[in-house]
Amino acid sequence: MALTSSDETDLLLPLLGAMRETPRFSTFLERLRRRTGARYIALLTRQGALGKAPIIEFHAGAPLPSGSPVTGSSALFDLDRAHYDSLRPGRVYALGELVDHDPLLRAQRWRELRELGLADERIVRILADTGLDAWLVLARTSPCSASDSALLSNLAPYVAEALRSGRDLDAARDSARINAAGMARSGNGWMTFDADGRLVDLSGQTQTWWSERYGQPPRIGERLLGLARPAERALLTAIEDLAQDQTAPPRPVLLSDTPQVEALVQRIAMDDAQAPANTARFLAVFALPHAPSRDAQARLTALHALPPREAELALKLSEGLSIAEAAQAMGLTVETARNYSKRIYAKLGVRGKAELVRRILEGTAHMT
């Protein structure tokens with residue numbers, strides 16, 4: 001059964017949005033079930049090392065009882081894993097072809113199908129990429145026809161491409177989430193701009209801080225509101241310079257005097273080297289002003305075995321206080337504070353206050 005123009009609309013278009021559905025592939029599988037008159041359609045996927053990763057099942061139709069030959073969690077599938085893994089991608093198989101080697105197993109399979117009210121099934125291995133396997137299974141209450149097999153065969157390459165795209169999209173999303181979490185933990189914010197200096201995107205932490213600092217959130221598609229005139233000129237000049245010279249190094253820009261916020265502006269490499277200049281994007285990264293984490297003292301204690309008071313003193317010194325100022329803030333004598341500081345230097349392996357401050361600022365204490 002070749003794909004018709006209505007199939008392209010009814011079956012292929014849902015594949016384009018399958019990864020945005022919950023559960024995924026639900027529209028495509030339900031329409032395929034109605035198209036074939038099947039009782040049950042299942043898409044089985046496995047990512048990871050062959051034979052070790054779990055099977056994930058997407059289906060349409062009433063779920064069949066556990067133990068049926070068409071559910072990914074079935075004992076039958078687990079027992080016959082080697083046969084499923086040996087199927088040639090793109091070829092449609094009947095159930096009998098999987099069990100012809102064993103008359104007893106063949107009889108058992110047909111008996112199970114009859115008990116489930118099923119008469120036949122077809123299975124096609126969609127793809128067998130490194131780290132990604134998939135099978136599409138169709139089960140009917142009446143015998144399958146040649147048109148069922150033809151339809152599954154014709155759909156296989158489209159489903160395979162949807163799965164590859166979904167895998168790549170998931171990897172990109174995971175990477176973006178990890179990068180965003182890392183930036184947030186390190187106390188860094190970011191914004192991206194177009195070639196005219198209009199805001200394209202920004203991190204959530206940046207939006208929150210900007211709103212608190214300037215009384216209103218930055219607006220996508222507009223230039224930054226609240227910047228002092230010199231800072232706005234410096235930002236636009238940096239973007240203009242980077243737009244004209246793709247090899248130019250990042251440009252430092254002072255976004256704010258009070259509190260002091262220095263941004264490093266760089267051009268973002270585009271996938272399409274031939275993209276028009278006005279589609280270029282520019283990234284500004286900066287340290288957001290923030291106090292040490294509420295867990296900073298506990299982190300210093302856990303990593304460096306500093307008692308609570310020593311950890312507190314180390315944090316005071318990292319904030320720029322002198323020994324005398326820190327002693328007064330903590331209710332200590334200056335001599336006691338000096339004794340504490342010597343023990344802190346020894347435990348952290350630093351030679352003085354300057355190295356201590358750098359060590360703490362580069363560690364986890366100031367991560368949010």
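The values are calculated or read from the model by the stated rules, or taken from the named source; none is laboratory data. As the structure is a prediction and not an experimental result, all values here were calculated from the model. When we count neighbours, we look across all protein chains shown, and the Cβ atoms used for this are built from the backbone with ideal geometry, even at glycine. Accessible surface is based on the protein model in full, side chains and every heavy atom, while ligands, DNA and RNA are left aside. Shrake-Rupley method; radii C 1.70, N 1.55, O 1.52, S 1.80 Å.
What number of residues within the range 1-11 satisfy the criterion of being of a type outside the set (S, T, N, Q) and over 22 Å from C144 (Cβ atoms)?
Within the range 1-11, the subset of a type outside the set (S, T, N, Q) is 1-3, 7-8, 10-11.
Those still in the list that are over 22 Å from C144 (Cβ atoms) too: 8.
The number of residues fulfilling the criteria is 1.
Right, G131: on the phi > 0 side of the Ramachandran plot, open to solvent by less than 60 Å² (accessible area, probe 1.4 Å) and either under 26 Å from the mean Cα position of the chain (by Cα) or polar (S, T, N, Q) (or both) or not? Spell out how you get there, then give the answer.
On the way: on the phi > 0 side of the Ramachandran plot: yes; open to solvent by less than 60 Å² (accessible area, probe 1.4 Å): yes; either under 26 Å from the mean Cα position of the chain (by Cα) or polar (S, T, N, Q) (or both): yes.
Yes, satisfied.
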Considering the range 10-54 alone, what residues qualify as being crowded, with 19+ Cβ neighbours inside 10 Å and on the phi > 0 side of the Ramachandran plot? F25
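Which members of the range 165-184 meet the condition of being surrounded by 14 or more Cβ atoms within 10 Å (Cβ to Cβ) and either at pLDDT 90 or above or not aliphatic (A, V, I, L, M) (or both)? Walk me through how you get there before you give the answer.
Initial filter on the range 165-184 (surrounded by 14 or more Cβ atoms within 10 Å (Cβ to Cβ)): 165-167, 180, 183-184.
Scanning the range 165-184 gives S165, G166, R167.
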Could you please find all residues in the range 239-266 being open to solvent by less than 20 Å² (accessible area, probe 1.4 Å) and β-branched (V, I, T)? I239, V253, V261, V265
Checklist (1) surrounded by fewer than 20 Cβ atoms within 10 Å (Cβ to Cβ); (2) at pLDDT below 90 applied to T336, failing item: (2)
Out of R219, R233, report the one residue that is among the basic types (K, R), assigned to a helix (DSSP H, G or I) and at pLDDT 85 or above. R233
Sole exception among (1) modelled with pLDDT of 90 or more; (2) under 24 Å from A269 (Cα atoms) for Q246, by number: (1)
Of the residues that sit in the range 301-322 and are more than 16 Å from K347 (Cβ to Cβ) and modelled with pLDDT under 90, which one is surrounded by the fewest Cβ atoms within 10 Å (Cβ to Cβ)? G320
Identify the residue in the range 236-270 that is assigned to a strand (DSSP E or B) and hydrophobic (A, V, I, L, M, F, W, C) and, among all such residues, is nearest to V200 (Cα to Cα). V265
Scan of the range 203-225 for residues that are open to solvent by 50 Å² or more (accessible area, probe 1.4 Å) and either on the phi > 0 side of the Ramachandran plot or touching a Cys at 6+ places or on another chain (Cβ under 9 Å) (or both), ordered by number: G215
When every residue in the range 323-332 that is in a helix (DSSP H, G or I) and of a type in the set (A, V, I, L, M) is compared, the one surrounded by the fewest Cβ atoms within 10 Å (Cβ to Cβ) is A324
Restricted to the range 137-164 and to residues being among the hydrophobic types (A, V, I, L, M, F, W, C) and part of a strand (DSSP E or B), the residue surrounded by the most Cβ atoms within 10 Å (Cβ to Cβ) is A139
Report every pair of residues separated by at least 6 positions or lying on different chains whose Cβ atoms are under 6 Å apart, first residue within the range 188-217 and without any contact (Cβ under 8 Å) to a residue 40 or more places away in the chain, second assigned to a helix (DSSP H, G or I). P217/Q207; P217/S211
Could you tell me whether the range 340-359 includes any residue that is closer than 30 Å to L202 by Cα and of a type outside the set (V, I, T)? yes
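Considering only the range 271-300, how many residues are part of a loop (DSSP other than H, G, I, E, B), modelled with pLDDT of 85 or more and open to solvent by 40 Å² or more (accessible area, probe 1.4 Å)?
2
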